[in-house]
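The values are calculated or read from the model by the stated rules, or taken from the named source; none is laboratory data. Treat the numbers as computed from the prediction; the structure is a model and nothing was measured. Methodologically, a virtual Cβ is constructed for each residue, glycine included, from the backbone with ideal geometry; neighbour enumeration extends over all protein chains shown. Surface areas here come from the heavy atoms of the whole protein model, side chains and all, with no ligands, DNA or RNA. Shrake-Rupley method; radii C 1.70, N 1.55, O 1.52, S 1.80 Å.
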Amino acid sequence: NCKSYNMHKAANEINGFIVNDLSRWYIKLIRDRVWPTYKGKDKAAAFYVLYESLSVATKLMAPVTPFLAEHGHQIARSLGESKESVFLTSWPKANKKMIDKRLEKHMDYVQEISEAVNAIRKENSLRLRWPVEKIIIETEDEDVKKAVRVFGNVINYITNSKASELGKGGSGFAEKEFSKGKVHVSRKVLKEEALLRELLREIQAQRKARKLVVGDRIDLRIDNEAMKKFEKEIA
């Protein structure tokens, strides 16, 4: 808006996008898709979104944080950005055809549900690395129902749950309210899969302690019968 000078509002919006939407949410969702050994067709799409976000964000940041923006632009240059400096680029124009308010609203509900699940986990000493059997979303809101049906796989991934469904909880579930209803989380932990997560965490910690990079192959021997069926996933 050229009639007003509200730099702080712009800065807050940009900060919210980079810190919350991109770093704390999207990057968490695509972690497996950008792993070096991942071969799925959607890998390139994930990297493209990251590049486009970096490229546009640096341009938006430039009037407020010029040095940080220039640093980000130089990273973008190494990935394909052609202009020598962020201050030689054009101001980004919004592609309004790509704006989907309903999609954004659905993802907001998914985030809120995920935050409620993680709060329940914390209150009930259920570590996020421990998979739980099921979460149930109780709501009368049709938009929330659609969000759960469409993005159930996202909810499962973020909350480390084997399944998510619409309905009502019961005994064996812990619950918490959110803006459009209640979230119920099963207290039943899948013990073997929880052990697997703890094992993988320890292996990664040992690799880090030995300063091994992703491409360094290791000889791993595990003395545990329950882990035999997870041999492929561990490898």
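Across segment 1-133, counting alpha-carbon atoms alone, Rg and Dmax equal 18.0, 55 Å. Below 11 angstrom from the Cβ of Leu199, what's the summed charge of the other residues (Lys, Arg +1; Asp, Glu -1)? Surrounding charge for Leu199 is -2. What's the angle, to the nearest 10 degrees (0 to 90), between helix 101-123's Cα axis and the longest principal axis of the chain? Long axis of 101-123 versus the principal axis of the chain: about 40 degrees. Given the pairs Lys101/Lys145; Lys122/Lys188; Lys145/Lys229; Lys93/Lys146; Lys97/Lys146, which span a C-alpha to C-alpha distance of over 24 angstrom in this model? Violating the 24 Å Cα-Cα cut-off are Lys145/Lys229; Lys93/Lys146. Shape of segment 148-235 from its Cα gyration tensor (a ≥ b ≥ c, root eigenvalues): rounded if a/c is under 1.5, otherwise prolate when a/b > b/c, or oblate? Here segment 148-235 falls in the prolate category.
If R0 equals 30 Å, the separation of the Cβ atoms of Glu233 and Lys188 corresponds to a calculated FRET efficiency of about 0.90.
Charge tally around Gln74: other residues with Cβ under 14 Å, Lys/Arg +1 each, Asp/Glu -1 each, net 0.
For segment 1-136, the per residue solvent-accessible surface stands at 70 Å², with DNA, RNA and ligands left out and a 1.4 Å probe. Checking the Cα-Cα distances for Lys96/Lys180; Lys28/Lys162; Lys162/Lys182; Lys28/Lys105; Lys9/Lys180; Lys191/Lys211 against a 24 Å cut-off, the pairs over it are Lys96/Lys180; Lys9/Lys180; Lys191/Lys211. Treat segment 88-228 as a sphere of radius equal to its Kirkwood radius over Cα pairs and apply Stokes-Einstein at 4 °C in a medium of 1.567 mPa s; give the translational diffusion coefficient in µm²/s, rounded to a whole number. Translational diffusion coefficient: 73 µm²/s.
Listed values (i) 21.6, 70; (ii) 17.6, 63; (iii) 19.6, 66 include one computed from this model; for Rg and Dmax of the Cα atoms in Å that value carries the label (i). Summary: within the chain, the longest segment free of trypsin sites (Lys or Arg not before Pro) located in DSSP loops with at most 10 other C-beta atoms within 10 Å is 94-209. Computed on protein heavy atoms with a 1.4 Å probe, the accessible areas place Tyr5, Tyr109 in the order Tyr5, Tyr109, largest first. The calculated FRET efficiency for the pair Thr37 and Ala226, based on their C-beta separation and a Förster distance of 30 Å, comes to about 0.75. Along its three principal directions, the equivalent ellipsoid of segment 6-70 from the Cα gyration tensor extends over semi-axes of 27, 12, 8 Å, largest first. Split the chain at each of the GluC sites (Glu not before Pro) in a DSSP loop with at most 15 other beta carbon atoms within 10 Å, and the longest piece is 141-235. The helix-only estimate of mean residue ellipticity at 222 nm for the chain, built from DSSP H runs of length n ≥ 4 each weighted as -39500 (n - 2.57), is -15000 deg cm²/dmol after division by the residue total.
Build a GNM of the chain with springs between Cα atoms under 10 Å apart, and of Asp100, Asp223, Asp42 the one that fluctuates most is Asp223.
If you roll a 1.4 Å probe over the chain with all protein chains in place, what percent of the accessible area is carbon or sulfur? The value for the chain is 54 percent carbon and sulfur by accessible area.
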